[in-house]
Amino acid sequence: MLSPTALRRWSWTHKWSSLVCTLFMLLLCITGLPLIFHHEIGHVLGTEVEAPPMPAGTPRASLDQVLTSARAEYPDRVVQFASQSDEDDALWFVTLTPTPAPTEDFKSIAVDGRTAQVLARRPVDQGFMYVMFRLHVDLFAGLAGKLFLGLMGLLLLVAIVTGVVLYAPFMRKLAFGEVRRTKSPRLKWLDLHNLLGIVTVVWALVVGGTGMINTWADLMIKYWQHDKLSALLAPYAGQPTVPAAERSALQPALEAALAHAPGMKLSFIAFPGTAFSSPHHNTFFLRGNTPLTSRLLQPVLVDARTAQVTAAPQLPWYLTALLVSQPLHFGDYGGMPMKVLWALLDIATIVVLGSGLYLWLRRRAPATAGSNAAQPGAPTAPAASAQGASA
């Protein structure tokens with residue numbers, strides 16, 4: 001049993017960690033809900049691009065042809081990344097920017113991988129889903145917004161842990177899951193808050209923790225470039241970014257990368273000078289074919305001039321943890337049943353967060369006479385801010 005002093009300390013920590021992060025966690029829950037179904041919503045809104053049906057065995061265009069078609073749409077830009085659709089490898093998505101450096105000014109082109117015909121200029125900075133995504137990821141504030149949300153995620157985890165510790169002392173006179181419907185509205189919401197909080201606590205810890213890890217992604221990648229890639233690139237020290245006119249054909253480079261890692265398939269390509277590559281390489285990020293290995297990437301660095309593989313470094317543990325955390329956070333590794341489950345848990349979390357705010361705002365309301373509930377103002381159990389959800 002907790003001593004009175006320990007109980008006060010745990011209660012104070014739970015209350016203030018919850019209050020500070022609750023509004024932001026509510027925002028993340030609400031914006032995360034449509035992101036769980038972003039593919040399905042895209043189909044309904046008509047923003048998802050689909051390759052036209054063609055006979056099986058239709059030959060593929062070379063990667064060079066695909067990129068030539070994309071560059072023709074924006075000849076004043078450079079190709080920063082190219083990726084294949086997870087759902088249909090007949091689609092290529094090509095990202096073009098003013099320079100190879102990281103920027104928010106980018107255009108996305110969808111190209112048919114069989115005919116090298118441009119299918120669509122994908123809108124990437126407009127629409128309902130774009131607003132939801134940016135609010136969920138960085139509050140339209142870039143790296144500072146991501147790190148701020150990471151701090152809110154840390155406070156969320158503190159609120160969950162302290163709520164679990166306080167659950168037993170404040171519920172010892174009630175049966176598990178009991179909701180006192182005949183008592184005051186505040187006590188009914190307190191019981192519902194406690195019930196939903198303890199039922200969703202594991203999911204809240206997983207999604208809240210993985211969400212916090214995701215906010216560190218930019219810093220992790222920069223550290224990896226400094227810590228690991230710098231040693232591999234020592235032979236190229238002092239050399240400028242390879243000009244486009246001096247680069248070899250890309251199709252042989254892609255084939256060399258795939259031959260270096262048999263059994264894997266392409267996820268995306270980072271071109272010379274971009275954030276995920278070096279000034280001297282086309283970096284091919286390959287992935288496996290199983291639900292787990294499809295989330296783990298293997299970079300293969302191919303010399304941009306010679307199309308020869310120069311290195312295939314294993315990702316460090318912290319980037320592997322980042323990649324594994326993403327499907328756990330978004331709930332997109334188990335098909336529609338998993339998405340529906342994630343959505344239901346997200347909605348339950350919204351109720352926990354909203355009821356926590358309600359209970360705090362009503363903390364000075366007198367308790368129902370004869371009630372055996374926690375005193376007004378007592379901390380509300382686990383996860384007074386249960387979690388900052390999903391997608």
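Within the shell of other residues whose beta carbon sits under 14 angstrom from the beta carbon of LYS265, the net charge comes to -2, with Lys and Arg scored +1 and Asp and Glu -1.
Oblate is the label for the stretch 67-136, because a/c, from the alpha-carbon gyration tensor with a ≥ b ≥ c as root eigenvalues, is 1.5 or above and a/b does not exceed b/c.
Which whole number in µm²/s is D for the stretch 275-345 by Stokes-Einstein, with the Kirkwood Rh taken over Cα pairs at 37 °C and 0.692 mPa s? It diffuses with D of about 234 µm²/s by this estimate. With an a/c value of 1.5 or above and a/b larger than b/c for the gyration tensor axes a ≥ b ≥ c computed over the alpha-carbon atoms, the stretch 170-292 is described as prolate. With the full set of protein chains in place, find how many percent of the accessible area of the stretch 92-182 is carbon and sulfur; take the probe as 1.4 Å. The value for the stretch 92-182 is 63 percent carbon and sulfur by accessible area.
Give me the accessible area per residue for the chain, probe 1.4 Å, as a whole number in Å². Can you show the working numbers first?
Values: 18830 Å² over 391 residues.
Per-residue accessible area for the chain comes out at 48 Å².
Rolling a 1.4 Å probe over the protein chains gives SER278 an accessible area of about 0 Å². Close amide-amide hydrogen proximity is noted between ARG122 and SER108, ILE109, ALA110, each under 5 Å apart and 5 or more residues distant or on a separate chain (H modeled in the peptide plane; Pro and chain starts excluded). From the square roots a ≥ b ≥ c of the eigenvalues of the alpha-carbon gyration tensor of the stretch 113-251, which class results: rounded (a/c under 1.5), prolate (a/b over b/c), or oblate? Judged from the Cα gyration tensor, the stretch 113-251 comes out prolate (a/c at least 1.5, a/b above b/c). Computed from the alpha carbon atoms alone, the convex hull of the stretch 240-370 holds 183 Å³ per residue.
Between ASP125, ASP138, ASP76, the GNM of the chain built on Cα springs shorter than 10 angstrom shows ASP76 fluctuating the most.
What are the equivalent ellipsoid semi-axes of the stretch 1-114, built from the alpha-carbon gyration tensor (square roots of five times its eigenvalues), in whole angstrom, biggest first? Walk me through the numbers on the way to the answer.
On the way: eigenvalues 465, 75, 32 Å².
They are 48, 19, 13 Å, listed from largest to smallest.
Largest GNM mean-square fluctuation across ALA321, ALA237, ALA256, computed for the chain with C-alpha springs under 10 Å, falls on ALA237.
Where does each of VAL165, VAL302 land when they are ordered by accessible area, with a 1.4 Å probe and the largest first?
Reading off the accessible areas and sorting them downward yields VAL165, VAL302.
Could you work out the relative contact order of the chain? I mean the mean sequence separation of Cα pairs under 8 Å and 6+ apart, divided by the number of residues, in percent. Answer for the chain is 25 percent.
Listed by chain and number, the lysines whose alpha-carbon sits under 16 Å from that of LYS173, ignoring those within fewer than 8 places in the same chain, are LYS183, LYS188.
Helical runs (DSSP H, four residues minimum) scored at -39500 (n - 2.57) apiece and divided by the length of the chain put the mean residue ellipticity at 222 nm at -15500 deg cm²/dmol. Using all pairs of distinct alpha-carbon atoms, the Kirkwood hydrodynamic radius of the stretch 202-241 works out to 12.4 angstrom.
Panel values: the chain, Kirkwood radius from alpha carbon pairs, Stokes-Einstein at 37 °C and 0.692 mPa s, translational diffusion coefficient 140 µm²/s.
The values are calculated or read from the model by the stated rules, or taken from the named source; none is laboratory data. All figures in this text were calculated on a predicted structure; none of them were measured in a lab. For neighbour counting, all protein chains shown are included, and Cβ atoms are generated from backbone atoms with ideal geometry for every residue, glycine included. Side chains included, ligands, DNA and RNA excluded: accessible areas come from the protein's heavy atoms. Shrake-Rupley method; radii C 1.70, N 1.55, O 1.52, S 1.80 Å.
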